[in-house]
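**Q** What follows is a structure written as C-alpha cells; I'll ask about it next.
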Amino acid sequence: MALLPRRGGAAPEPDTEQVDEVETEFADDPRRTAGKGRPTPKRSDARAARTTAATRAPANKQEARSARRKQSQEYRAAMMSGDVSRLPPRERAPERVLARDFVDTRINVGPFFLIAAVIYFIGGLVPNGVIRLAATVLMLFGILAVVVDSIVLSMQVSRRVAANYPDSRVRVRAYAAQRALLPRRWRLPRPRVSRADPRP
C-alpha cells in the first residue's frame, strides 16, 4: 500500500520546532517546576519546631498572665533568699555583692532618718509652735546627716570595688546609697551578713 512506509525505509524525523515549543511550555509553567529550592523538612523536625513555637508564645492572655505571675514569684523568692547563686544575673555581679555586704555590716543613718520623718509628720499635726519647730529642725538635721552619710558610704564602697576589681565598670555608689536608706529587714536581696561580721 502506498500509505504505509516500507520496512527498509528510514523513519521520519521529528519536527524540531514542535519539540522546542513543548520544552518551552514546560519550562515557563510555574506549576511544573522541579523543586522549592530547599529540602523538605522531616516530620519530626517540623513537629519539634511547632512545639517550640507553642512554648515560646502563650496561647491567650490568661496563660501570658500566669507566666508573668510565675516569673514574678520566682524573682521575689530568689531576692528573699539572699542566696547569690539564685539571684538574677545583674545582682550576682561581684561588685554588687561586695557593696551589699559592706552596707549590711555598717550602721547607716538612713533608717534613723525614717524615724525622724515620722516624728516630723506627727509634729506637724500638733497645734503647738514649739513642737512644730523642733520637728522641723530634727527633719533638717536628718536630711543633712543622710546626705553626708551617703557621700561617705559611696566613697568607701567605690574604693573597695576599685581595690578588688580594678577593671570593673559596674557603678555601685548610688546602688549602695539607696540600699543604706532602707531598714535592714526591707532590703532586697536579703542581707547575708550581720553587723558583727567584718567588713569586706
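The values are calculated or read from the model by the stated rules, or taken from the named source; none is laboratory data. Owing to the predicted nature of the structure, the values given are computational and were not obtained by experimental measurement. Cβ placement follows ideal geometry from the backbone for every residue including glycine, while neighbour counts extend to all protein chains displayed.
**Q** Confirm whether THR51 is assigned to a helix (DSSP H, G or I), of a type outside the set (A, V, I, L, M, F, W, C), over 27 Å from TYR165 (Cα atoms) and at pLDDT 90 or above.
**A** Taking the combined requirement at face value, the residue does not satisfy it.
**Q** I've got another one for you. Out of all the residues in the stretch 75-84, is one or more touching a Ser or Thr at 6+ places or on another chain (Cβ under 7 Å), modelled with pLDDT of 60 or more, among the charged types (D, E, K, R) and not in a loop (DSSP other than H, G, I, E, B)?
**A** Checking the stretch 75-84: not a single residue is touching a Ser or Thr at 6+ places or on another chain (Cβ under 7 Å), modelled with pLDDT of 60 or more, among the charged types (D, E, K, R) and not in a loop (DSSP other than H, G, I, E, B).
A quick yes/no check of all residues on (1) free of Cβ contacts under 8 Å to residues at least 40 places away in the same chain; (2) farther than 28 Å from ALA196 by Cβ; (3) surrounded by fewer than 18 Cβ atoms within 10 Å (Cβ to Cβ); (4) under 33 Å from the mean Cα position of the chain (by Cα):
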{"site": "MET80", "(1), (2), (3), (4)": "no, no, yes, yes"}
{"site": "ALA99", "(1), (2), (3), (4)": "no, no, no, yes"}
{"site": "ILE107", "(1), (2), (3), (4)": "no, no, yes, yes"}
{"site": "GLY123", "(1), (2), (3), (4)": "yes, yes, no, no"}
{"site": "GLY129", "(1), (2), (3), (4)": "yes, yes, yes, no"}
{"site": "VAL146", "(1), (2), (3), (4)": "yes, no, no, yes"}
{"site": "PRO166", "(1), (2), (3), (4)": "yes, yes, yes, yes"}
